[in-house]
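**Q** Pasting in a structure now, in structure tokens, and then I'll have a few things to ask.
The values are calculated or read from the model by the stated rules, or taken from the named source; none is laboratory data. Everything numeric in this text was worked out from a predicted model, so none of it was measured. When we count neighbours, we look across all protein chains shown, and the Cβ atoms used for this are built from the backbone with ideal geometry, even at glycine.
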Amino acid sequence: MEIILLQDVENLGKRGEVANVSAGYGRNFLFPRKLAEIATPGKIAAVQKIVEEKAAQERRIAEQAEETRELLSKTVITIAAPVGAGDRLFGSVTSQDIATAIYTARKIRVDKRGVDLGEAIKTVGTYMIKVEVHPSVEPADVKVMVVPEDSKA
């Protein structure tokens with residue numbers, strides 16, 4: 001008996017897939033729990049159309065993420081921070097500060113968890129920071145310049 005899975009079923013398949021199961025397994029386990037429905041030619045065509053649309057949308061999102069990665073790779077972010085003796089910062093520059101600076105400069109929202117600092121920046125200087133844009137695209141290298149804050153402002 002051919003069925004269409006309505007939810008992921010362990011050892012059988014993922015949601016939207018067509019599977020072949022015994023009549024008893026479908027009737028006694030899958031159908032009562034609303035895990036599957038009987039596969040008809042119309043339903044199979046509808047599921048395939050939905051899967052194709054989802055794949056096309058994923059491709060579009062990945063292409064946009066690639067464009068965003070290229071834009072971020074060309075970006076130089078300057079962050080002004082209060083400085084003490086020996087070019088050490090009062091406090092530090094965190095991944096949240098970098099994510100906010102990227103949004104201010106390029107209007108691109110970046111999750112602070114996608115900014116790979118290792119540890120917080122505590123001195124003035126230039127740093128290359130990896131920023132994850134999308135899981136399917138490799139991270140962008142963003143140049144971050146930490147400069148002393150102008151105390152006369």
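**Q** Listed residues 98, 50, 61; which is assigned to a helix (DSSP H, G or I), touching a residue at least 40 places away in the same chain (Cβ under 8 Å), closer than 30 Å to residue 18 by Cβ and not charged (D, E, K, R)? If you could, list the steps in order and put the result at the bottom.
**A** On the way: 98 fails: closer than 30 Å to residue 18 by Cβ; 50 fails: touching a residue at least 40 places away in the same chain (Cβ under 8 Å).
Only one candidate passes the filter, namely 61.
**Q** Just one of the numbered conditions (1) of a type in the set (A, V, I, L, M, F, W, C); (2) within 17 Å of the chain's Cα centre (by Cα); (3) farther than 30 Å from residue 144 by Cα is not true of residue 12; which one?
**A** For residue 12, the failing item is (2).
**Q** Tell me which of these residue 86 doesn't satisfy, since it passes every other one: (1) touching a Ser or Thr at 6+ places or on another chain (Cβ under 9 Å); (2) surrounded by 12 or more Cβ atoms within 10 Å (Cβ to Cβ).
**A** The number of the failed condition is (2).
**Q** Of the residues 81, 23, 39, only one is at pLDDT 90 or above, surrounded by 13 or more Cβ atoms within 10 Å (Cβ to Cβ) and over 23 Å from residue 134 (Cβ atoms); which?
**A** When all the criteria are applied, what remains is 39.
**Q** Just to be sure, is residue 64 farther than 30 Å from residue 123 by Cβ, loosely packed, with under 13 Cβ neighbours inside 10 Å, modelled with pLDDT of 90 or more and polar (S, T, N, Q)? Let's see the steps before the verdict.
**A** Details: farther than 30 Å from residue 123 by Cβ: yes; loosely packed, with under 13 Cβ neighbours inside 10 Å: no; modelled with pLDDT of 90 or more: yes; polar (S, T, N, Q): yes.
Considered against the rule, which asks whether it is farther than 30 Å from residue 123 by Cβ, loosely packed, with under 13 Cβ neighbours inside 10 Å, modelled with pLDDT of 90 or more and polar (S, T, N, Q), residue 64 comes out as no.
**Q** On to the next question. Could you check residue 137 against (1) modelled with pLDDT of 90 or more; (2) buried (at least 16 other Cβ atoms within 10 Å of the Cβ); (3) assigned to a loop (DSSP other than H, G, I, E, B) and say which number it fails?
**A** (1)
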